[in-house]
């Protein structure tokens with residue numbers, strides 16, 4: 001799993017690439033921790049190249065959502081398979097999608 | 001309500017009284033009217049009879065008196081020329097006729113020049129007859145009525161009655177006949193004096209009425225016979241009947257006081273009226289009493305109807321609570337179930353329940369002590385506790401123990417419930433069960449026999465009781481038949497019971513005809529009981545449940561197996577394994593990804609929880625398939641851990657409300673068709689199945 005964080009148009013963009021399974025979760029979480037110090041900027045998690053997500057990954061997303069200080073969190077371009085997982089767990093209602 | 005109702009009852013009651021009173025009054029009136037008329041008629045007839053009788057008696061005397069005189073008329077006429085013969089004639093008249101008290105032959109004044117006034121009078125004095133003379137100055141007989149009027153009338157004449165002072169103050173009357181001489185001229189008057197003292201006696205000898213009296217009036221209206229003064233009451237109402245006596249011109253009357261005639265009927269009418277009034281009074285009292293009772297009765301009936309309707313509603317609720325979706329052979333290929341419950345009253349204390357969770361059939365049957373509303377409430381509570389406890393407990397003995405603690409703790413009324421709890425593992429046919437004082441079920445498969453059951457005490461009696469677990473394998477085609485004592489103790493009219501032997505016989509019969517599918521078996525048993533019971537009233541709730549294990553073993557081919565350490569870093573190896581298996585069974589990429597997700601969640605769960613932290617352990621994942629499904633079996637040797645009893649995730653909670661964690665099993669359930677956990681020989685065995 002590869003994580004890239006950039007700033008673009010006043011937003012923090014985290015690009016995820018690969019499989020976000022339980023094995024990859026700890027690393028990914030660490031890599032995404034800078035997002036928590038976003039100082040009011042909106043966060044966009046780009047999932048265009050994320051092939052797979054399991055519950056550990058969802059947990060990471062959830063904790064980001066919970067721990068930002070008022071910033072909006074958007075998720076961008078999830079695949080159909082990943083969307084199915086969001087629906088199955090009800091997470092489809094928790095996040096905003098772009 | 002009371003007022004209106006009272007009006008409803010009072011109105012007809014009123015009418016009843018009025019009609020009764022009118023009927024009585026009118027009929028009484030008619031009766032008394034006609035009675036009075038009849039009595040009056042009767043009195044009249046009697047009086048007239050009496051009058052006639054008296055009149056005839058009087059006439060008799062009158063005729064005698066007249067005859068006395070007439071017989072001597074010719075000799076009197078002849079005596080006119082014989083001096084001093086007048087007195088002889090007179091004497092003869094008196095002598096010959098005992099009723100005559102005096103007689104005189106008085107000459108017309110101046111007829112006999114020698115004796116211008118001559119009236120010798122013969123009268124009785126004691127036994128003798130003496131002759132007196134009436135020709136005195138004081139008496140002046142020519143002007144006396146008996147003399148003058150006879151001559152005036154020219155024929156027999158009865159004088160007005162008079163008191164004869166000379167003769168002892170007796171009432172008298174005189175019959176005088178003028179005597180003609182040879183030349184046809186009236187020369188004398190011959191009389192007969194009649195004492196009337198017999199008249200009073202005769203007239204007052206009224207036989208028919210005690211207080212009636214007679215009145216005899218002379219021609220001129222003088223009273224000859226009348227009531228004694230005490231008898232007379234001027235204001236008294238009387239009935240008077242009158243007849244006339246010929247010849248003398250007297251009027252003979254009978255006077256009867258109304259009281260004498262009508263007294264009797266008046267008293268009767270009075271009594272009857274009083275009785276009628278009493279009767280009406282009693283009628284009113286009775287009606288009031290009836291009305292009060294009727295109101296009370298109606299109130300009770302209303303209450304009763306209210307209770308009955310509530311019971312009907314309660315009965316409907318109870319029926320509604322029982323599960324109805326029996327798994328049939330059309331819906332499931334591993335188990336078929338059927339049950340029936342007939343309460344003895346509207347609501348009852350028998351219960352049964354079943355549901356399938358994670359490839360296990362949870363079922364129970366029970367009987368609350370008692371009947372009716374209390375038992376039905378207890379039954380409802382018991383059932384709901386069964387559901388709650390078995391949601392997180394899969395072992396029947398633990399389910400029973402926990403149910404028992406809860407129920408015994410809240411049991412104020414010393415009720416209890418006999419209960420049989422069973423958990424049938426559908427993939428393997430392994431039946432785990434626990435019996436709390438309930439009738440042992442019948443196993444109908446290879447033969448017919450009782451399922452061996454430990455005798456635990458019923459639920460609700462002792463909070464601390466530890467229930468025992470029992471196990472038995474069910475071979476495909478075997479039916480467990482469960483029932484309550486409403487079946488064994490079903491009574492016919494002579495109070496003989498259905499008993500276990502008959503249940504056995506029916507089961508044997510069903511098995512022989514291969515009719516031991518749950519609904520068939522229960523129908524057969526129901527018919528048998530109905531035939532046995534006949535017309536007797538159902539004495540207890542009748543409950544039956546039958547579970548048939550139908551799973552046919554399919555050919556299974558083991559595909560692959562992998563053993564991992566409890567290290568989440570080995571998850572990619574799991575992914576590769578799953579990809580291979582899915583390809584082998586022909587799943588498309590999307591499904592394969594889902595399989596990956598499910599397996600990852602399940603295996604990671606095991607890795608995290610099965611072994612104590614820090615301990616290395618192995619996790620085995622087997623994949624096998626038959627012609628309908630793919631099965632993954634995850635086995636570890638860690639501590640007993642049943643992931644299926646975790647509460648399902650509430651995916652409707654918002655971000656803030658969501659706990660972090662708990663999603664894993666939820667995802668597995670969503671993706672896999674079934675998830676099943678067993679603890680076998682010290683191993684956790686978690687089975688995930690997916691239809692092909």
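The values are calculated or read from the model by the stated rules, or taken from the named source; none is laboratory data. Keep in mind that what you see is a predicted model, and the values were worked out from it rather than measured. When we count neighbours, we look across all protein chains shown, and the Cβ atoms used for this are built from the backbone with ideal geometry, even at glycine.
For region B:370-394, which residues satisfy the criterion of being surrounded by 18 or more Cβ atoms within 10 Å (Cβ to Cβ) and in a loop (DSSP other than H, G, I, E, B)?
Those that are surrounded by 18 or more Cβ atoms within 10 Å (Cβ to Cβ) and in a loop (DSSP other than H, G, I, E, B): B:371, B:393, B:394.
Checking residue B:363 against (1) under 18 Å from residue B:418 (Cα atoms); (2) surrounded by fewer than 21 Cβ atoms within 10 Å (Cβ to Cβ): exactly one of these is not met. Which one?
Just one mismatch for residue B:363, condition (2).
Of the residues B:361, B:283, which single one is modelled with pLDDT of 85 or more and touching a strand residue (DSSP E or B) at 6+ places or on another chain (Cβ under 6 Å)?
Answer to the check: B:361.
Does at least one position in region B:29-39 carry a residue that is under 30 Å from residue B:155 (Cα atoms) and part of a helix (DSSP H, G or I)?
No, that holds for no residue.
Just checking, how many residues over region B:645-692 are surrounded by fewer than 18 Cβ atoms within 10 Å (Cβ to Cβ) and at pLDDT below 85?
Qualifying residue count for the region: 17.
All but one of (1) modelled with pLDDT of 85 or more; (2) under 30 Å from residue B:284 (Cα atoms); (3) surrounded by 14 or more Cβ atoms within 10 Å (Cβ to Cβ) hold for residue B:22; which doesn't?
Going through (1) modelled with pLDDT of 85 or more; (2) under 30 Å from residue B:284 (Cα atoms); (3) surrounded by 14 or more Cβ atoms within 10 Å (Cβ to Cβ) one by one, residue B:22 breaks only (3).
Return yes or no: is residue B:529 part of a helix (DSSP H, G or I) and within 11 Å of chain A (Cβ to nearest Cβ)? Break it down into steps so the answer makes sense when it comes.
On the way: part of a helix (DSSP H, G or I): yes; within 11 Å of chain A (Cβ to nearest Cβ): no.
So residue B:529 fails the test.
When you go through (1) out of contact with any helix residue (DSSP H, G or I) (no Cβ under 8 Å at 6 or more places or on another chain); (2) under 21 Å from residue B:154 (Cα atoms) one by one for residue B:104, which number turns out not to apply?
Only one criterion in (1) out of contact with any helix residue (DSSP H, G or I) (no Cβ under 8 Å at 6 or more places or on another chain); (2) under 21 Å from residue B:154 (Cα atoms) is unmet by residue B:104, namely (1).
For region A:41-82, which positions are more than 9 Å from chain B (Cβ to nearest Cβ) and out of contact with any strand residue (DSSP E or B) (no Cβ under 9 Å at 6 or more places or on another chain)?
Within region A:41-82, A:67, A:69, A:70 qualify.
Of the residues in region B:109-124, how many are more than 16 Å from residue B:81 (Cβ to Cβ) and exposed (fewer than 10 other Cβ atoms within 10 Å of the Cβ)?
Total satisfying the criteria: 0.
Condition check: outside any strand (DSSP E or B), modelled with pLDDT of 90 or more, out of contact with any helix residue (DSSP H, G or I) (no Cβ under 8 Å at 6 or more places or on another chain) and closer than 20 Å to residue B:445 by Cα. Does residue B:519 satisfy that?
On the way: outside any strand (DSSP E or B): yes; modelled with pLDDT of 90 or more: yes; out of contact with any helix residue (DSSP H, G or I) (no Cβ under 8 Å at 6 or more places or on another chain): yes; closer than 20 Å to residue B:445 by Cα: yes.
The answer is yes for residue B:519.
In region B:520-532, which residues are in contact (Cβ under 8 Å) with a residue 40 or more places away in the chain and surrounded by fewer than 18 Cβ atoms within 10 Å (Cβ to Cβ)?
B:526, B:532
Got at least one residue in region B:84-95 being in a loop (DSSP other than H, G, I, E, B) and more than 28 Å from residue B:248 (Cα to Cα)?
yes
Output the strands (runs of 3 or more DSSP E) that fall wholly within region B:211-309 and possess 1 or more residues being more than 25 Å from residue B:45 (Cβ to Cβ), or say none.
Where strands (runs of 3 or more DSSP E) fall fully within region B:211-309 and carry at least 1 residues being more than 25 Å from residue B:45 (Cβ to Cβ), they are B:223-225.
If residue B:487 satisfies every condition in (1) assigned to a helix (DSSP H, G or I); (2) out of contact with any helix residue (DSSP H, G or I) (no Cβ under 8 Å at 6 or more places or on another chain); (3) modelled with pLDDT of 90 or more but one, which is the exception?
Of everything listed in (1) assigned to a helix (DSSP H, G or I); (2) out of contact with any helix residue (DSSP H, G or I) (no Cβ under 8 Å at 6 or more places or on another chain); (3) modelled with pLDDT of 90 or more, residue B:487 misses just condition (2).
Among the residues of region B:533-548, write down those that are surrounded by 17 or more Cβ atoms within 10 Å (Cβ to Cβ) and touching a strand residue (DSSP E or B) at 6+ places or on another chain (Cβ under 6 Å).
Within region B:533-548, B:541, B:542, B:543, B:544, B:545, B:546, B:547, B:548 meet the criteria.
Just wondering, is there one or more residues in region B:583-593 that are surrounded by 20 or more Cβ atoms within 10 Å (Cβ to Cβ) and more than 11 Å from chain A (Cβ to nearest Cβ)?
No, region B:583-593 contains no residue that is surrounded by 20 or more Cβ atoms within 10 Å (Cβ to Cβ) and more than 11 Å from chain A (Cβ to nearest Cβ).
Would you tally the residues in region B:549-569 being buried (at least 16 other Cβ atoms within 10 Å of the Cβ) and within 14 Å of chain A (Cβ to nearest Cβ)?
Narrowing region B:549-569 to residues buried (at least 16 other Cβ atoms within 10 Å of the Cβ): B:549-551, B:559, B:562, B:564, B:566, B:568.
Now narrow it down to the ones that are within 14 Å of chain A (Cβ to nearest Cβ): B:564, B:566, B:568.
Summing the residues that are buried (at least 16 other Cβ atoms within 10 Å of the Cβ) and within 14 Å of chain A (Cβ to nearest Cβ) in region B:549-569 gives 3.
Considering only region B:401-484, give the strands (runs of 3 or more DSSP E) lying wholly within it that have at least 2 residues that are at pLDDT 90 or above and over 54 Å from the mean Cα position of the chain (by Cα).
Of the strands (runs of 3 or more DSSP E) lying wholly inside region B:401-484, those with at least 2 residues that are at pLDDT 90 or above and over 54 Å from the mean Cα position of the chain (by Cα) span B:417-425, B:430-436, B:470-473.
Return the only residue of B:615, B:562 being out of contact with any helix residue (DSSP H, G or I) (no Cβ under 6 Å at 6 or more places or on another chain) and not assigned by TED's automatic domain parsing to the domain that holds residue B:525.
Testing whether each residue is out of contact with any helix residue (DSSP H, G or I) (no Cβ under 6 Å at 6 or more places or on another chain) and not assigned by TED's automatic domain parsing to the domain that holds residue B:525 leaves just B:615.
Can you name the condition, by its number, that residue B:359 falls short on among (1) assigned by TED's automatic domain parsing to the domain that holds residue B:428; (2) without any contact (Cβ under 8 Å) to a residue 24 or more places away in the chain?
Of the numbered conditions (1) assigned by TED's automatic domain parsing to the domain that holds residue B:428; (2) without any contact (Cβ under 8 Å) to a residue 24 or more places away in the chain, the odd one out for residue B:359 is (2).
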